[in-house]
Amino acid sequence: MSAFVLAFRNDPAVNATEEEVAAWGAWFQKLGPAVTDMGSRVGATNLLGTSAGANALSGYTLIDATDLAAATALAEGCPGLSYGGSVEVGEVVAM
């Protein structure tokens, strides 16, 4: 198993509806033991440098998966994808 970061991105001006919050809760329940750190929502951000994406970091979660493909498959169920957000999946590399 390897650790992966799921970095959630969304328009910072958009507030989640009750339906979206419920969808997130159901998705986290579905991820179950793959989640090693629920992470947190992110408030105000600053972006340094250049970025191709227009969405700001809105939260993160740490999961365990066998490889990048498996982690990406878990991320594909993210409810934020249905509401205009995105998820970046990155392998955690030990220092």
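Could you pull the accessible area for SER86 with a 1.4 Å probe, rounded to 10 Å²?
Roughly 50 Å² of SER86 is accessible to a 1.4 Å probe.
In nm, what is the difference between 0.36 nm times the number of residues separating ALA69 and VAL42 and their Cα-Cα distance?
Length difference between fully extended and current span is 7.2 nm.
How charged is the neighbourhood of THR45? Take every other residue with its Cβ under 15 Å from the Cβ of THR45, and add Lys/Arg as +1 and Asp/Glu as -1.
Combined, the nearby Lys, Arg, Asp and Glu give 0.
Over the chain, give the accessible area per residue in Å² for a 1.4 Å probe, as an integer.
Numbers: 6320 Å² over 95 residues.
Computed with neighbouring chains in place, this is 67 Å² per residue.
When the gyration tensor of the chain is built from Cα positions, what are the square roots of 5 times its three eigenvalues, in whole Å, from largest to smallest?
Equivalent-ellipsoid dimensions as semi-axes: 21, 18, 11 Å.
Compare GLU76, GLU18 by solvent-accessible area with a 1.4 Å probe and give them largest first, with all protein chains kept in place.
Sorted descending by solvent-accessible area, the residues read GLU18, GLU76.
Please give me the summed charge of the neighbours of LEU31: other residues whose Cβ is under 13 Å from its Cβ, Lys and Arg +1, Asp and Glu -1.
-2
With unit charges on the beta carbons (Lys and Arg positive, Asp and Glu negative) and the dipole taken about the Cα centre of the chain, which residue among GLY39, SER82, TRP27 sits farthest to the positive side?
After comparing all options, I get GLY39.
So if I place +1 on the C-beta of Lys and Arg and -1 on the C-beta of Asp and Glu, and nothing else carries charge, what would the dipole magnitude of the chain be about its Cα centre? I want it in debye, nearest 20.
Roughly 120 debye for the chain.
In whole Å, how far is the Cα centre of the stretch 69-95 from that of the stretch 2-34?
10 Å
Where in the stretch 61-92 does the label zone of VAL14 land, with the point 7 angstrom along Cα→C-beta and an amide N cut-off under 13 Å?
It comes to 79-87, nothing else.
If each residue of separation counts as 0.36 nm, what is the full-extension length gain between LYS30 and GLU76 once their alpha-carbon separation is subtracted?
Working: separation 46, 0.36 × 46 = 16.56 nm, distance 1.22 nm.
Length difference between fully extended and current span is 15.3 nm.
Roughly how many nanometres apart are two label points built 7 Å out from the Cα toward the Cβ at GLU88 and VAL21?
2.8 nm
The values are calculated or read from the model by the stated rules, or taken from the named source; none is laboratory data. Remember, it's a predicted structure, so these values are computed and weren't measured experimentally. Positions of Cβ are backbone-derived with ideal geometry, glycine not excepted, and every protein chain shown enters the neighbour counts. Only protein heavy atoms, including side chains, enter the accessible area calculation; ligands, DNA and RNA are left aside. Shrake-Rupley method; radii C 1.70, N 1.55, O 1.52, S 1.80 Å.
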